[in-house]
Amino acid sequence: MSKIHVFNAGPCLLPQEVYDHAIEAIKDFKGTGVSVLSISHRTKEWEATMDECRALWRELLNIPEEYETVFLGGGASMQFLYVAMNFLEKKAGYLETGVWAKKALKEAKGLGDAVALASSADRNYCYIPKGYEIPSDLDYFHITTNNTIYGTEIRHDIDSPVPLIADMSSDILTRPIDVSKYALIYGGAQKNAGPAGVAFAIVRKDALGKVSRYIPTMLDYRTHIDKGSMFNTPPVFSVYIMNETLKWVKSMGGVSALQKIDEKKAATLYAEIDRNPMFVGTAEPEDRSIMNVAFVMAPGYEDREADFLAFAKERGMIGIKGHRSVGGFRASLYNASTQEDVDALVECMKDFEKENA
Ligand SMILES: *Cc1c(COP(=O)(O)O)cnc(C)c1O
């Protein structure tokens, strides 16, 4: 069998050393003789891991003093509800750039007046809407920076006259961000920052406490901030692996170093998609995602989709089948994937062309 190349959209590929450390920690967590799966979250060894994770996160993302960070269960989907619970008083605006954005909006609609200020649903979310107005009377404006399913991305920190909230599940840690432009940044770790089971939130302290509703204890960011993400049992193993992943990010030279690698990987694959007459990208070129590259068979070759999937599978490509709402293919190029993985996929596309075009 050939070497495998993992392009899964999530949970994502993680660095080999993270898997190796996890195996060790399952056997013996920090020399305690107890597995990380059974360690008490009230031990000093565990608290040190939680503290290290928080400190690395702050350092890697250059998070200013006025912001708090929490690590929680429930995934990004639970954060959709946290957002509305903690920030929606009168009215909120959302940028509808895909399925996740729409799901976030749905949770807000359940709690108050929330609207899509602009949407790219008219063309199956293949672009990022532009030229919309953000009314200044909104409680907040919500964006999804990377649309994991459609392969579009808002790859800069936008200006907003009202508190800006961003779901960065699938592009956090891929470029330096100006955190000070946001009231809240959140996401699930499993797309780029770690394993499934833990979600992150980076929240500006003074943006909280402005709503009049009763916020259930577990859905109030302040509960978790006050207790250092240990109000209840945290997702211990997931946070452990996230911490190991962050250590790896730091060892690679941090976010700016990964940005260069990530942008080169994406450029390599897009160049082949644009060159190869058998394939065509689905996202508008100016809005293309660096993390999730979506493409389909070019006109005239539509019936070859299953053949290419089988051909690629034979060569060790894993996880390139597109999401059902776009079809075709999607290669997710998260931080732990390598230029070598991308080069192998490009070779595979070239060979398929040679045999079939
Ligand atoms: C995967 C994803 C989600 C949902 O994450 P869960 O942790 O599974 O709830 C939300 N937003 C974006 C952008 C995603 O990619």
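Summary table
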quantity: Which numbered condition Ala310 fails, given (1) part of a loop (DSSP other than H, G, I, E, B); (2) open to solvent by 10 Å² or more (accessible area, probe 1.4 Å); (3) of a type outside the set (D, E, K, R); calculated: (1)
quantity: Pick from the range 165-201, criterion among the aliphatic types (A, V, I, L, M) and either within 20 Å of Asp287 (Cα to Cα) or away from the ligand (no atom under 16 Å from the Cβ) (or both), ranking: farthest from the chain's Cα centre (by Cα); calculated: Ala183
quantity: Residue satisfying all of: in the range 22-46; open to solvent by 80 Å² or more (accessible area, probe 1.4 Å) and assigned to a helix (DSSP H, G or I); nearest to the ligand (Cβ to nearest atom) among these; calculated: Ile23
quantity: Out of Tyr127, Tyr67, Tyr82, Tyr132, sole residue that is within 13 Å of the ligand (Cβ to nearest atom), hydroxyl-bearing (Ser, Thr, Tyr) and outside the structural domain of Pro285 (by TED's automatic domain parsing); calculated: Tyr82
quantity: Which listed residue is at pLDDT 95 or above and away from the ligand (no atom under 14 Å from the Cβ), from Ile158, Ile149, Ile154, Ile143; calculated: Ile158
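The values are calculated or read from the model by the stated rules, or taken from the named source; none is laboratory data. Here the structure is a predicted model, which is why all the values come from computation and not from measurement. In this analysis, Cβ positions are derived from the backbone assuming ideal geometry, glycine residues included, and neighbour counts consider all displayed protein chains. Just so you know, the surface numbers come from the protein's heavy atoms only, side chains and all, with ligands and any DNA or RNA stripped out. Shrake-Rupley method; radii C 1.70, N 1.55, O 1.52, S 1.80 Å.
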